[in-house]
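The values are calculated or read from the model by the stated rules, or taken from the named source; none is laboratory data. Values in this document were obtained by computation on a predicted structure and should not be read as measured data. Methodologically, a virtual Cβ is constructed for each residue, glycine included, from the backbone with ideal geometry; neighbour enumeration extends over all protein chains shown. Side chains are part of the model used for accessible areas, which takes the heavy atoms of the whole protein and leaves out ligands, DNA and RNA. Shrake-Rupley method; radii C 1.70, N 1.55, O 1.52, S 1.80 Å.
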Amino acid sequence: MKSEAAERGPHQALARRLVLFDLDGTLVDSTPGIWASVRAAVAALGRPEPTPQQLRGMVGPPLQDGFALVLGVPADDVPRAVAAYRAHYSAGALLDATVYPGIPELLAALAGAGAILAVATSKPEPFAVRLLAHTGLLPSFASVHGATFDGTVRHKDQVVAAALAAHPDGERPVLVGDRAHDVLGAAAHGLPCIGAGWGPAPPGELADAGAAVVVATPAEVRTALDRVSG
């Protein structure tokens, strides 16, 4: 028996569908600016230079959690690390990012088919808006939802909740993200996650976390949406 989406056809199936996107590692490669700011922060604290593995681990998770869990910064020093990072990042490193090939075409195709697009990121919302505007992606999205500077909102399930609340008429919501915390944050609300396999996650991370499907390129997201019912 065909699903309702299948019976409507691939174009109609996207009408009013709410597609949430992570930002860092999914829409843009922001590793140069993030890594430079992490290095500046640990230097300010007099800590050792991060390893390549630690730097990769800092892309995606909430900043506070990254410093504590990935870099082992003591809890009392995490606020200083975050402040040093943000000072360096906001001074210009924020804009050291490039849009992944195929993302503009994907967003245009989804919007053209009637999907509702929104961003749900653990990056502070003002930083996310600034980066999206700089890269030219901001007009593609109906809304942007991110962390607060005070850290009260920083986890993926919190920003997904905000996106869902902003679009109550969105149908069959789904998240596209590149790390395990994206998969888990979506699952907290019963959403499937399409794994962005072009991001920085180690092999197997997305599948092990429970991603509905993992795709290698942005071009494959459109087909994956037809397969993920939501």
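Summary table below
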{"read-out": "Test set (1) touching a residue at least 60 places away in the same chain (Cβ under 8 Å); (2) of a type outside the set (Asp, Glu); (3) open to solvent by 50 Å² or more (accessible area, probe 1.4 Å) - residue 64 fails condition number", "value": "(3)"}
{"read-out": "One residue from 130, 179, 154, 222 being out of contact with any Cys (no Cβ under 7 Å at 6 or more places or on another chain) and more than 18 Å from residue 100 (Cα to Cα)", "value": "154"}
{"read-out": "Total residues in segment 219-229, condition closer than 12 Å to residue 195 by Cβ, of a type outside the set (Asp, Glu) and modelled with pLDDT of 95 or more", "value": "2"}
{"read-out": "Scope segment 208-230; condition surrounded by 16 or more Cβ atoms within 10 Å (Cβ to Cβ) and over 13 Å from residue 19 (Cα atoms); matching residues", "value": "209, 211, 212, 213, 214, 215, 218, 220"}
{"read-out": "Selection from segment 180-196 of residues that are under 20 Å from residue 229 (Cα atoms) and open to solvent by 40 Å² or more (accessible area, probe 1.4 Å)", "value": "184, 187, 188, 189, 190"}
{"read-out": "Count of residues meeting criterion [open to solvent by less than 20 Å² (accessible area, probe 1.4 Å), under 25 Å from residue 80 (Cα atoms) and part of a loop (DSSP other than H, G, I, E, B)] in segment 130-179", "value": "1"}
{"read-out": "Filtered residues of segment 182-213 (kept if part of a loop (DSSP other than H, G, I, E, B) and either in contact with a Leu (Cβ under 8 Å, 6 or more places away or on another chain) or among the aliphatic types (A, V, I, L, M) (or both))", "value": "188, 189, 191, 192, 197, 201, 210, 211, 212"}
{"read-out": "Residue tally, condition farther than 18 Å from residue 224 by Cα and open to solvent by 10 Å² or more (accessible area, probe 1.4 Å), over segment 107-129", "value": "7"}
